[in-house]
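Please read the structure below before turning to the comments.
Since every read-out is calculated from the coordinates, none of them should be taken as a lab result. This structure is a prediction, so every number in the text was calculated from the model and none was measured. As a convention, Cβ positions derive from the backbone with ideal geometry for all residues, glycine included, and neighbour counts pool all protein chains shown.
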Amino acid sequence: MQDTVASIVEKHTEARPGFRLAPARFGKPGHQVDVWVECPEWCTLGHVENWNQHAEDLDHWGDDARWDTDCINQPGEGVLSLDMRLHSDPGATDSRLQAAHVTLDDESVTAYLTPEMAERTADEMIAFAARLRHLARQAREFNDRAASRPRRSQADEALRRLRADKWRSLSDEDIAALPIVRLLKAFGVMVLEYDIAGVELLGQPGHMELRVGREVRQQLRDSEARRLIAEYAAGVREGRAS
Ligand SMILES: [Zn+2]
């Protein structure tokens with residue numbers, strides 16, 4: 001209170017180094033008085049427009065610098081924000097608050113930092129920012145690697161479709177004449193052993209499955225495979241399957 005009252009000065013007083021004289025308004029509306037106060041040269045608050053009821057309520061504020069994060073699902077909104085300013089409160093009981101200091105405000109709390117505290121915070125934020133960069137790089141590299149997999153499988157899918165249609169150029173005679181390995185390849189047949197009695201052909205060309213019983217001999221497997229494939233191809237030509 002004493003200090004604040006002391007900051008109200010006569011108009012022609014010479015301001016202390018780092019201060020200038022600025023007009024200020026105090027009192028309740030209708031009972032206000034304009035006086036001169038010593039105002040730090042970094043203070044950009046107009047003390048007439050931003051009048052105070054009591055002299056001890058007068059605060060000095062510098063320009064604010066604001067940082068906002070972007071956000072995926074709330075673009076353009078500062079989901080996280082920090083505001084920093086120079087501040088001094090001549091009416092404070094703590095001399096560190098009377099002196100010029102830095103405030104950091106996240107819109108819910110305000111941190112009042114001495115110059116030393118602010119320097120330490122700045123160092124910590126630089127380290128924090130480096131960590132943020134590291135996480136960004138980690139996320140990007142992971143996404144790039146993950147994205148390369150679907151691209152490969154898309155190429156596989158195209159090849160599979162290409163192969164899947166090749167069988168259509170084969171005539172019944174081709175199917176009868178081709179070596180069984182070539183034939184299985186042309187129809188994209190995977191051969192799997194099952195605990196079944198005979199041989200079954202499932203699926204569509206390109207991803208067919210030939211299920212053969214474990215007891216079925218190789219020669220019978222081959223002839224059965226050829227017979228089932230020929231049957232499938234004939235069926236498609238006659239419109240029984242697609
Ligand atoms: Zn001021």
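Tabulated values for the structure
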{"read-out": "Ranked Cys39, Cys71, criterion: other C-beta atoms within 10 Å, fewest first", "value": "Cys71, Cys39"}
{"read-out": "Exposure rule at most 15 other beta-carbon atoms within 10 Å, DSSP loop trypsin sites (Lys or Arg not before Pro): the chain longest free segment", "value": "12-213"}
{"read-out": "Where GluC sites (Glu not before Pro) fall in DSSP loop in segment 146-237, at most 14 other Cβ within 10 Å", "value": "Glu215"}
{"read-out": "D (Stokes-Einstein, µm²/s), Kirkwood Cα radius, segment 1-124, 0.890 mPa s at 25 °C", "value": "153"}
{"read-out": "Candidates per GluC sites (Glu not before Pro) in segment 34-135, loop by DSSP, up to 10 other Cβ within 10 Å", "value": "Glu49, Glu107"}
{"read-out": "Relative contact order of segment 170-237, pairs being alpha-carbon contacts under 8 Å that are 6 or more residues apart, as %", "value": "31"}
{"read-out": "Relative contact order [Cα under 8 Å, 6+ residues apart], segment 79-180, whole percent", "value": "14"}
{"read-out": "Rounded tilt (10° steps) of 115-166 against the dominant C-alpha axis of the chain", "value": "20"}
{"read-out": "Among Met117, Ala225, His60 - extreme Cα towards positive end, dipole of the chain, charges at beta-carbon", "value": "Ala225"}
{"read-out": "Residues of segment 80-118 with amide N under 17 Å of the 7 Å Cα→Cβ point at Arg16", "value": "87-102, 115"}
{"read-out": "Sites Glu238 and Leu202, calculated FRET efficiency, Cβ-Cβ separation with R0 25 Å, nearest 0.05", "value": "0.80"}
{"read-out": "Extension reserve of the Leu135-Arg182 stretch, reckoned as 0.36 nm per residue once the Cα distance is removed", "value": "11.9 nm"}
{"read-out": "The chain, dipole about Cα centre (Lys/Arg Cβ +1, Asp/Glu Cβ -1), debye to the nearest 20", "value": "2400"}
{"read-out": "Crossing angle, helix 218-237 versus the chain [Cα axis fit, 0-90 degrees, rounded to tens]", "value": "70"}
{"read-out": "Cα principal axis extents for the chain, largest first, Å", "value": "115, 36, 28"}
